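Beneath this line is the structure, given in structure tokens, with notes to follow.
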Amino acid sequence: MNRLLTVGVLLSVCCVWAEPGVTHDTPVAVSTNDMPIAVSTNNVPEAEPIPFPIEVDVYEVKPVSDELTALFNQLHSKESGATNLARDVLIQSLSEGQERSGTAALRKYLVKRAEQLNWDDPEALDEMISITGCAGCLGAFQDCEVSPEVWMWLFSSDKRIRLVAETITEDDNACETACILRQLYEHDPQERDRFLNLILAMAVVWDTPRKAMDDQIENGWLPPDDDICLYYDYFKKLYSSKKAKVPYDELSVDSLVFVVDISAPLSELEWTLENVDGTRSMWGRHYKEIIYDHTRIVRNQYDWPHRDYTLQEIEECFGICVDQAYYCVITARAYGIPSLFFHGRGKYGGHAWFGFMKKRTEWDLDVARYSNQGYGIGFATHPQTDLEMSDHELEYFCSRSLQPVAARKASALEYLATLLYEEDMPEEAQQAAQRSRQTDSLCEAAWKTECNVLADTERFDEAIEFMDKKADRFKFFPDVVADSRQRQADLFTQSGNPEQAEKMLRREVAKVASKRGDLQQKLVIAQAEQLLEQGKGQEGLAVIEKILYEQQNEGAKVYALIVEYKRFAKRAGLDKNADSFLKNYYR
């Protein structure tokens with residue numbers, strides 16, 4: 001990470017506050033009795049720095065314009081009502097390439113306001129959310145060279161700023177995202193405002209190259225066309241017509257990312273409109289319309305053995321589960337239906353299925369999952385982040401995407417809580433996290449931030465009780481509950497009660513045993529680690545061995561636990577014991 005130094009902004013130059021003995025080509029500010037004094041080098045006239053120092057990267061110091069300097073001064077003098085001013089700082093900082101300076105200025109304003117904020121004042125809180133959004137956008141689009149007119153369009157209102165701030169993630173290629181925004185902005189001057197959600201979704205999905213949906217289809221796979229505008233025009237035309245199976249106004253950006261992730265040529269979408277049809281709620285029926293090719297399984301031929309990998313070829317040549325799931329996902333997306341491709345391992349090996357937004361308020365993530373074959377967990381690649389997520393994580397994500405307004409406001413408040421937490425303001429951070437949870441009680445990040453505040457201030461009993469409340473609120477999301485229990489175990493250990501941590505994890509292992517073997521594996525490893533910390537490595541090995549025997553008939557699902565078992569044995573210095581156990585286990 002580059003070293004950051006505090007700088008004072010002069011009228012037209014950015015003065016680095018240097019360490020003693022360091023020489024720069026720009027004026028250097030030194031401090032006497034804690035008061036900054038501008039000292040001239042190279043015959044630069046003295047100037048008084050503004051009383052609002054900001055953080056910048058010392059290796060990328062750029063002159064700050066008079067206009068931006070004036071905005072910083074105005075922001076510093078404001079006690080409230082700085083929403084429009086923050087927007088001006090956002091746009092001007094982006095236009096000048098001063099994202100770091102602008103971000104630091106907005107963060108300092110937020111810190112100053114938080115110290116006297118009435119958290120029960122909705123207007124004051126709304127202002128904080130707006131300015132937090134500006135800071136978030138500046139933090140996201142650092143070093144992205146886009147014309148000022150694009151920024152002015154994108155951030156033309158407070159609503160848009162919040163939307164963009166909550167859409168961009170740290171996993172996005174922000175500069176490529178900005179280039180796509182510029183490209184689509186220039187491509188569609190007439191209707192770019194109406195289709196802003198579509199533009200944002202395409203920008204955060206297509207910021208990285210689209211890949212084949214699964215390794216087994218790479219033989220014959222045809223990559224998507226290079227011109228993103230072709231796909232934008234397709235979806236714009238689709239959602240403007242009666243052919244779309246989902247009304248455009250029903251879809252948030254979070255939902256649209258599961259539509260525009262197209263890893264196929266545009267001709268495949270056009271073929272779908274001509275040859276495939278059906279109702280949205282019954283799209284799952286298309287899975288079995290692709291005849292299963294049992295001969296490929298007999299020949300162990302899992303990769304695509306035919307010509308080009310197209311929807312028509314799949315129909316005519318038949319396929320296996322991977323092809324059935326792919327066919328359903330691409331055809332659903334061609335009609336504007338959000339959908340996902342899943343893969344997982346069960347008793348008899350690997351399998352692929354799919355999920356889709358069945359109704360406005362409902363996702364079906366289990367189409368052709370075949371529950372009797374033990375596919376306890378499935379995985380899909382999130383279109384925006386390109387990260388693999390479990391179906392249980394996606395279930396939580398999808399449930400929040402159905403309530404985008406509350407979810408986005410809660411996320412903005414959580415971002416503010418994190419900012420204040422980083423600025424060593426625990427009380428204010430807890431206040432922001434609480435407001436986030438009040439807005440949307442399923443904003444898990446807010447629960448995590450508040451728990452961190454309680455733990456860092458050594459209020460362990462409160463934090464442990466708080467995790468009980470979290471587990472109860474997320475009782476329909478067992479993965480979150482499991483994470484909460486693991487955090488609770490850590491808190492017990494931090495408070496000097498490791499025995500209680502191990503006891504609690506043992507109870508949770510038993511709870512999930514019948515329904516979620518994957519969570520049972522995860523929790524038993526945590527339980528074993530607690531025992532190891534108490535010097536009971538042999539007992540830790542034994543609890544894992546017990547689960548291994550319980551899941552011995554689960555086939556491929558048990559492989560991951562065997563790997564973790566061997567790693568644990570190595571950490572505990574019990575490699576020989578583990579080798580002896582596994583010899584008998586494999587018989």
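Take the residues in segment 283-295 that are of a type in the set (V, I, T) and surrounded by fewer than 17 Cβ atoms within 10 Å (Cβ to Cβ); name whichever of them is nearest to K245 (Cα to Cα). Give the derivation first.
At the first step, the residues of segment 283-295 found to be of a type in the set (V, I, T) are 290-291, 295.
Add one more test, that the residue is surrounded by fewer than 17 Cβ atoms within 10 Å (Cβ to Cβ), and what stays is 291, 295.
Numbers: I291: 25, T295: 35 Å.
Among them, the one singled out is I291.
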| task | Kindly establish whether C175 is under 23 Å from V257 (Cβ atoms) and in contact with a Cys (Cβ under 6 Å, 6 or more places away or on another chain). | result | yes
| note | For segment 83-134, the count of residues that are surrounded by 23 or more Cβ atoms within 10 Å (Cβ to Cβ) and among the aromatic types (F, W, Y) equals 1
| task | Only one of these is modelled with pLDDT under 90, at positive phi and either surrounded by 17 or more Cβ atoms within 10 Å (Cβ to Cβ) or out of contact with any Phe, Trp or Tyr (no Cβ under 6 Å at 6 or more places or on another chain) (or both): G517, G555. Name it. | result | G555
| said: On the basis of being modelled with pLDDT of 95 or more, in contact with a helix residue (DSSP H, G or I) (Cβ under 6 Å, 6 or more places away or on another chain) and not aromatic (F, W, Y), does L222 make the cut? | reply: no
| task | Give segment 427-466 a look and list any residue that's outside any helix (DSSP H, G or I), closer than 15 Å to A406 by Cβ and either polar (S, T, N, Q) or in contact with a Phe, Trp or Tyr (Cβ under 8 Å, 6 or more places away or on another chain) (or both), or say none. | result | S441, L442
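Take the residues in segment 500-517 that are charged (D, E, K, R) and touching a helix residue (DSSP H, G or I) at 6+ places or on another chain (Cβ under 8 Å), then tell me which one is farthest from K536 (Cα to Cα).
Narrowing segment 500-517 to residues charged (D, E, K, R): 502-503, 506-508, 511, 515-516.
With touching a helix residue (DSSP H, G or I) at 6+ places or on another chain (Cβ under 8 Å) added as a condition, the list becomes 502, 506, 508, 515-516.
Values: E502: 11, R506: 15, E508: 20, K515: 29, R516: 26 Å.
Checking each candidate, the answer is K515.
How about segment 284-319: which of its residues are of a type in the set (A, V, I, L, M) and either over 21 Å from I262 (Cα atoms) or at pLDDT below 95 (or both)?
Going residue by residue through segment 284-319, those that are of a type in the set (A, V, I, L, M) are 290-291, 297-298, 311, 314.
I291, I297, V298 - these are the residues of segment 284-319 that are of a type in the set (A, V, I, L, M) and either over 21 Å from I262 (Cα atoms) or at pLDDT below 95 (or both).
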| query | Can you pull out the strands (runs of 3 or more DSSP E) entirely within segment 338-426 that have at least 1 residues that are among the polar types (S, T, N, Q) and over 17 Å from the mean Cα position of the chain (by Cα)? | reply | 339-346
| message | Of everything in segment 104-138, what is under 28 Å from M152 (Cβ atoms), free of Cβ contacts under 8 Å to residues at least 40 places away in the same chain and in contact with a helix residue (DSSP H, G or I) (Cβ under 9 Å, 6 or more places away or on another chain)? Give them in sequence order. | response | L106, Y109, K112, R113, D126
| request: Would you tally the residues in segment 371-380 being out of contact with any Phe, Trp or Tyr (no Cβ under 8 Å at 6 or more places or on another chain) and surrounded by fewer than 18 Cβ atoms within 10 Å (Cβ to Cβ)? | output: 2
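Have a look at K112, K108 and point out the one that is within 25 Å of V64 (Cα to Cα), of a type in the set (K, R), touching a strand residue (DSSP E or B) at 6+ places or on another chain (Cβ under 8 Å) and not assigned by TED's automatic domain parsing to the domain that holds V257. Outline the logic, then answer.
Details: K112 fails: touching a strand residue (DSSP E or B) at 6+ places or on another chain (Cβ under 8 Å).
Testing whether each residue is within 25 Å of V64 (Cα to Cα), of a type in the set (K, R), touching a strand residue (DSSP E or B) at 6+ places or on another chain (Cβ under 8 Å) and not assigned by TED's automatic domain parsing to the domain that holds V257 leaves just K108.
For L251, are the conditions met, namely being among the hydrophobic types (A, V, I, L, M, F, W, C) and in contact with a strand residue (DSSP E or B) (Cβ under 7 Å, 6 or more places away or on another chain)?
Considered against the rule, which asks whether it is among the hydrophobic types (A, V, I, L, M, F, W, C) and in contact with a strand residue (DSSP E or B) (Cβ under 7 Å, 6 or more places away or on another chain), L251 comes out as no.
Is it the case, given these coordinates, that F492 is closer than 24 Å to A526 by Cα, surrounded by fewer than 19 Cβ atoms within 10 Å (Cβ to Cβ) and of a type outside the set (D, E, K, R)?
Numbers: closer than 24 Å to A526 by Cα: yes; surrounded by fewer than 19 Cβ atoms within 10 Å (Cβ to Cβ): no; of a type outside the set (D, E, K, R): yes.
Judged against the criteria, F492 is not a match.
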| request: Could you please let me know if K469 is surrounded by fewer than 21 Cβ atoms within 10 Å (Cβ to Cβ), in a helix (DSSP H, G or I) and modelled with pLDDT of 95 or more? | output: yes
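Got a number for residues in segment 340-351 being surrounded by fewer than 24 Cβ atoms within 10 Å (Cβ to Cβ) and either of a type in the set (A, V, I, L, M, F, W, C) or touching a Lys or Arg at 6+ places or on another chain (Cβ under 9 Å) (or both)?
Filtering segment 340-351 for residues surrounded by fewer than 24 Cβ atoms within 10 Å (Cβ to Cβ) gives 341, 343-351.
If we keep only those that are either of a type in the set (A, V, I, L, M, F, W, C) or touching a Lys or Arg at 6+ places or on another chain (Cβ under 9 Å) (or both) as well, we get 341, 344-347, 351.
Looking only at that region, the number is 6.
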| Which residues, taken from segment 536-587, are among the small types (G, A, S) and more than 24 Å from P498 (Cβ to Cβ)? | G555, A556, A560, S580
| Does C321 fit the bill of being assigned by TED's automatic domain parsing to the domain that holds P223, of a type in the set (A, V, I, L, M, F, W, C), over 30 Å from E550 (Cα atoms) and in contact with a His (Cβ under 7 Å, 6 or more places away or on another chain)? | no
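Quick test for you: out of M202, M213, pick the one residue that is touching a strand residue (DSSP E or B) at 6+ places or on another chain (Cβ under 7 Å) and either without any contact (Cβ under 8 Å) to a residue 12 or more places away in the chain or not polar (S, T, N, Q) (or both). If you could, list the steps in order and put the result at the bottom.
On the way: M202 fails: touching a strand residue (DSSP E or B) at 6+ places or on another chain (Cβ under 7 Å).
None of the others qualify; the one that does is M213.
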| query | Taking segment 398-410, which residues are surrounded by fewer than 22 Cβ atoms within 10 Å (Cβ to Cβ) and of a type in the set (D, E, K, R)? | reply | R400, K409
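Residue-wise test of (1) in contact (Cβ under 8 Å) with a residue 12 or more places away in the chain; (2) surrounded by fewer than 18 Cβ atoms within 10 Å (Cβ to Cβ); (3) on the phi > 0 side of the Ramachandran plot; (4) among the charged types (D, E, K, R).
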residue	(1), (2), (3), (4)
R369	yes, no, no, yes
D386	yes, yes, yes, yes
A412	yes, no, no, no
Y415	yes, no, no, no
E422	no, yes, no, yes
E444	yes, no, no, yes
E450	yes, no, no, yes
L454	yes, no, no, no
| All positions within segment 145-159 that are of a type outside the set (G, A, S) and either surrounded by fewer than 19 Cβ atoms within 10 Å (Cβ to Cβ) or without any contact (Cβ under 8 Å) to a residue 40 or more places away in the chain (or both) | E145, V146, P148, E149, V150, M152, W153, L154, K159
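Condition check: charged (D, E, K, R), without any contact (Cβ under 8 Å) to a residue 60 or more places away in the chain and under 16 Å from E414 (Cα atoms). Does E170 satisfy that? Spell out the reasoning first.
Values: charged (D, E, K, R): yes; without any contact (Cβ under 8 Å) to a residue 60 or more places away in the chain: yes; under 16 Å from E414 (Cα atoms): yes.
Here the answer is yes, as E170 does meet what is asked.
The values are calculated or read from the model by the stated rules, or taken from the named source; none is laboratory data. Predicted model, so just to flag it, every value in this text is computed and none were measured. As a convention, Cβ positions derive from the backbone with ideal geometry for all residues, glycine included, and neighbour counts pool all protein chains shown.
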